[in-house]
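**Student:** Here's a structure for you.
Rule-based calculations on the coordinates, nothing more; no lab input. Since the model is a prediction, treat every value here as computed from it, not as a measurement. Note that each Cβ is placed from the backbone with ideal geometry, even for glycine, and that neighbours are counted across all protein chains shown.
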Amino acid sequence: MAKPSLVVTDEDRRMTIIEHLEELRRVLIISLAAFGVAAVIGWFLSSQVLHLLLGPLHQAIGNVKPVVLGPLDKILILFKIGAVTGLIISSPIIFWQVWSFIAPGLRRNERRFAIGFVGSATILFAMGIGFAFFALPVALRFLNGVAGQDLVYLPTADKYINFVLIMIAIFGVTFELPLAVTMLGLVGIVTPQGLARRRIQIWIGIFVGANIVTPTADPITPVLLTVPLIILFEISLIVIRILRR
């Protein structure tokens with residue numbers, strides 16, 4: 001008579017739909033709680049962050065102060081900055097919760113990449129935000145130069161901050177592309193050989209996607225987003241090959 005195995009197999013660990021929903025509820029509660037606490041911290045840092053966000057504007061057109069058009073605009077802008085700052089601060093916890101939700105569906109050898117996933121997601125997100133601050137002055141100089149001296153740009157705080165936050169979000173999120181490609185490669189959905197064969201099509205897709213998601217009408221910003229994404233995509237192919245050995 002065979003003895004019962006004391007080792008729990010991956011099949012035994014599969015969760016029911018109810019367990020998945022309970023796990024999703026736990027992930028959402030923890031993520032929202034982390035975001036709430038971080039948003040409070042972000043509110044106290046909002047004035048310093050505002051000064052940082054105005055940096056690209058000053059680099060592009062000089063020491064100009066954006067204007068507000070309504071009595072509530074200042075506080076609403078600070079609330080908005082605090083919320084986005086809170087999202088950035090809480091992103092490592094949110095990334096960890098995302099990993100904890102998808103981990104039960106992975107094989108045992110794939111779960112060992114937990115720290116790498118969270119660390120890479122956080123670093124790539126920060127890299128995207130940093131690169132946005134490099135691209136913003138370039139885009140603003142180009143847009144401000146359109147029509148020469150016939151039109152004068154007088155920045156309003158609300159529209160400018162919205163523009164900057166959208167750019168930061170776009171660059172931060174799209175820089176997660178190589179991590180997504182790497183994860184798909186590790187679970188076997190894609191292969192580095194297959195991706196390499198479609199390299200040109202993927203490059204073109206990245207360029208088209210960059211033109212769609214960037215909120216500017218200039219030809220420079222999509223290129224500034226496309227180039228690092230292509231480089232990160234190529235790095236992800238190397239990472240997949242190394243990790244699948």
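**Student:** Highest first, please rank the peptides 186-199, 161-174, 72-85, 203-216 by the mean number of other Cβ atoms sitting within 10 Å of their residues.
**Tutor:** My ranking of the peptides, most packed first, is 161-174, 72-85, 203-216, 186-199.
**Student:** At a threshold of 8 angstrom on Cα-Cα distance, excluding pairs fewer than six apart, so keeping six or more, what relative contact order does the range 17-243 reach in percent?
**Tutor:** Once divided by the residue count of the range 17-243, the mean separation gives 22 percent.
**Student:** Can you list the residues, at least 5 places off or on another chain, whose amide H is less than 5 Å from the amide H of VAL68, using H built in the peptide plane?
**Tutor:** Excluding prolines and chain starts, which carry no amide H, the hits are ALA157.
**Student:** Indicate the gyration tensor shape class of the chain (rounded, prolate or oblate), computed on the Cα atoms with a ≥ b ≥ c the square roots of the eigenvalues: a/c under 1.5 is rounded; otherwise a/b larger than b/c is prolate and the rest oblate.
**Tutor:** Oblate is the answer for the chain, as a/c is 1.5 or above yet b/c matches or exceeds a/b.
**Student:** Can you compute 3J(HN,Hα) from phi for each residue in the range 229-235, using the Karplus curve 6.51 cos²θ - 1.76 cosθ + 1.60 with θ = phi - 60°, rounded to whole Hz and x for Gly and Pro?
**Tutor:** Running phi through 6.51 cos²θ - 1.76 cosθ + 1.60 with θ = phi - 60° gives 5, 5, 4, 5, 4, 5, 5 Hz.
**Student:** At 222 nm, what helix-only mean residue ellipticity would the chain give, in deg cm²/dmol to the nearest 500, using -39500 (n - 2.57) for each DSSP H run of four or more?
**Tutor:** Using -39500 (n - 2.57) per qualifying helix, the result is -25000 deg cm²/dmol.
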